[in-house]
Amino acid sequence: MPSTADPKPAARKRRFSSRLSAVPLSPGVYLMRAESGEIIYVGKASALRNRLRSYFGTNAGHDLKTRNLVARIADFEYIVTESEQEALLLENSLIKQHKPRYNIRLKDDKTYPYIKIDVNEAYPQVYVTRRTANDGARYFGPFASAGSVRKTLALLKRLFPYRSCTKAITGTDDRPCLDFHIKRCVGPCIGAVDRDEYMHVIDQVVMFLEGDTRSIVKGLGSEMMVASDALEFERAGALRDQLRAIERVYEGQKVLSMTGENLDVVALASDRDEAWVEVFFVRRGNLIGRDHFIMAGTRDEDVSGILTQFIKQFYDSASHVPRRVLVPEEIQDAGIIESWLSDRRGGPVNLAVPKRGEKRRLLEMVRQNAAEGLEQLKLKWLSDSDVMEAAMQQLQEELSLPRLPQRMECYDISHIQGTNTVASMVVFEDGKPKTSDYRRFKIKSHDKNDDFASMREVLRRRFSRLQKAVEARNSDGDENEEDSASPSKKDDAFGIVPDLVLIDGGKGQLSSVLQVMLELGVEGVPLASLAKQEEEIFIPDSPDPFILTRGSQGLFLVQRIRDEAHRFAITFHRNLRSKSARQSALDLVPGIGPKRKRQLVRQFGSIKGIREASIDDLAASPGMTRKLAERVKEHV
């Protein structure tokens with residue numbers, strides 16, 4: 001279908017309206033093109049006309065990503081298929097081929113490696129390939145990286161003595177290689193074993209990769225006993241060592257009590273424009289391996305949408321489809337995908353969302369691993385000094401900062417309905433966390449649900465300390481006023497002037513904090529606030545917010561410091577809440593320490609007895625005064 005893109009939105013809408021009426025109500029795949037002709041989105045539909053019309057009607061129900069997509073569509077085309085399952089396969093193929101910018105996609109999915117064992121060869125090798133074919137060979141994968149494959153091959157070679165050479169095997173070589181002497185190869189090249197004996201080793205490798213470790217252990221145990229009974233002690237000893245090595249691996253796999261189940265467990269964590277998908281492979285009730293994959297183009301997508309695209313793209317090329325796949329949420333088009341997976345497996349496949357029990361705990365473990373993996377990916381990104389320099393330069397330019405924000409402080413408030421209100425101060429230097437300068441605050445000025453008042457108190461306390469530190473340095477004559485803005489190793493964290501102060505909140509929160517800075521007479525400290533919903537950044541004297549480019553280094557840096565301040569505040573709040581839950585009413589009475597508390601409880605039996613006692617009775621207790629007795633009655 002030729003493209004006749006019209007740059008004028010009104011004309012384009014009229015042309016689309018007439019064309020849409022001619023689109024059939026059939027299942028199929030549609031492709032959206034930009035004015036350049038580039039394919040920017042591929043989708044599938046059970047009814048093409050209805051799905052396409054949903055893009056070009058009102059924007060009311062569209063999320064931000066879809067609105068951005070629609071604004072860039074200059075033309076569309078479609079391909080009719082016979083069924084929804086056929087549409088699903090074609091959609092997946094076109095996404096891999098064109099990598100449209102608005103589709104969720106596996107990063108570099110064409111380059112994922114596999115382990116290949118060509119069982120049709122006389123003496124099969126075990127090696128890495130990046131292409132699969134219907135050639136009768138056994139393929140295992142895909143693996144997330146060459147590193148994942150290398151670790152697996154190293155383990156296989158340690159456990160099973162298959163050949164690692166590429167020579168033609170005749171059985172007539174004069175001497176073997178080193179692998180034979182160190183018992184890493186059974187020596188088919190010199191005729192030490194025939195093809196049947198060598199294929200027995202290869203069968204063990206295949207069983208191990210399939211997760212059938214129990215059968216390997218049982219078989220090796222029987223072989224060892226036969227060799228021992230035949231007085232072949234050297235062979236029995238070699239089998240014993242191999243058996244022990246496999247059992248150590250097998251013991252490491254036995255973390256589940258599910259009996260005989262084959263399943264994959266899939267969970268993810270997403271941030272910015274990428275998602276980390278973690279997969280645990282369980283075979284016959286044993287966790288035999290795990291891997292992770294990165295999905296790109298996930299911004300503004302929910303978990304269900306990301307999972308749907310991952311399952312379609314991963315299992316399209318996976319060497320094995322298990323009986324059951326555990327996922328944390330219901331995925332889209334679950335029935336169609338289950339039918340497709342069942343065809344690939346040659347048996348029923350169930351996409352399950354466990355709600356309780358061991359499977360739910362296993363799914364939670366996979367989710368935690370995904371979150372940890374994503375966090376490590378972020379930290380790796382943060383460790384790149386060139387990236388950090390670019391991020392700080394972007395912030396300086398976008399926010400019109402007087403200097404590069406080498407030292408950034410961020411503040412956050414945490415409480416539950418005004419109780420145990422705390423605040424955090426986290427510090428990043430050169431784009432990296434400086435945990436030694438982190439500080440925590442208990443809010444003292446009020447006990448209400450008032451984040452504005454809490455933030456004002458925190459900034460007042462922090463910058464009052466800064467003023468005192470600057471005055472002390474100036475009075476000592478060690479540094480002049482200009483130098484006081486530079487970090488000094490002698491100074492406390494409160495004595496260093498930050499290059500940027502970030503507040504977690506919107507424009508109102510910023511105005512509240514600015515008032516404190518003016519009251520204290522603090523000058524030369526840039527302020528900004530970051531609103532969560534649209535990631536808008538507000539600065540003083542600017543009525544409109546700044547919106548940093550999605551996916552930019554500057555935005556990621558401010559998000560990272562904001563998230564770290566939130567984490568630090570939440571952790572402190574939880575600790576206080578846990579501590580207060582263990583306190584008794586007497587712990588809150590000024591002047592009543594552990595000794596007096598024990599004496600009062602011994603005298604009156606319980607908190608209830610203390611509450612019912614008169615002031616005179618309390619004052620007469622050992623170590624008590626009337627003033628303390630009145631305090632106890634007031635608090636208890």
Checking the structure you have, find out if any residue of the stretch 308-317 is under 27 Å from K116 (Cα atoms), more than 20 Å from the chain's Cα centre (by Cα) and in a loop (DSSP other than H, G, I, E, B). no
Could you list all residues from the stretch 309-347 that are touching a residue at least 40 places away in the same chain (Cβ under 8 Å), among the hydroxyl-bearing types (S, T, Y) and within 17 Å of V277 (Cβ to Cβ)? S317
Just give me the residues in the stretch 334-355 being closer than 15 Å to V265 by Cβ and charged (D, E, K, R), in sequence order. K355
Restricting to helices (runs of 4 or more DSSP H) lying wholly in the stretch 16-105: which have 2 or more residues that are within 30 Å of the chain's Cα centre (by Cα) and surrounded by fewer than 20 Cβ atoms within 10 Å (Cβ to Cβ)? 64-72, 84-98
The lone exception for R465 - which of (1) modelled with pLDDT of 75 or more; (2) closer than 29 Å to L555 by Cβ; (3) surrounded by fewer than 19 Cβ atoms within 10 Å (Cβ to Cβ) it fails: (2)
Only one of (1) modelled with pLDDT of 90 or more; (2) out of contact with any helix residue (DSSP H, G or I) (no Cβ under 6 Å at 6 or more places or on another chain); (3) within 30 Å of D63 (Cα to Cα) is not met by S342, so which one is it? (3)
So is K151 part of a helix (DSSP H, G or I), within 46 Å of the chain's Cα centre (by Cα) and free of Cβ contacts under 8 Å to residues at least 12 places away in the same chain or not? yes
If we ask which residues in the stretch 359-406 are in contact with a helix residue (DSSP H, G or I) (Cβ under 9 Å, 6 or more places away or on another chain), at pLDDT 85 or above and among the basic types (K, R), their number turns out to be 1
Please specify each residue of the stretch 269-294 satisfying the condition of being aromatic (F, W, Y) and under 18 Å from the mean Cα position of the chain (by Cα). W276, F280, F293
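The values are calculated or read from the model by the stated rules, or taken from the named source; none is laboratory data. In this text the structure is predicted, and so the values were computed from the model without any measurement. All Cβ positions, glycine included, derive from the backbone under ideal geometry; neighbour counts span all protein chains shown.
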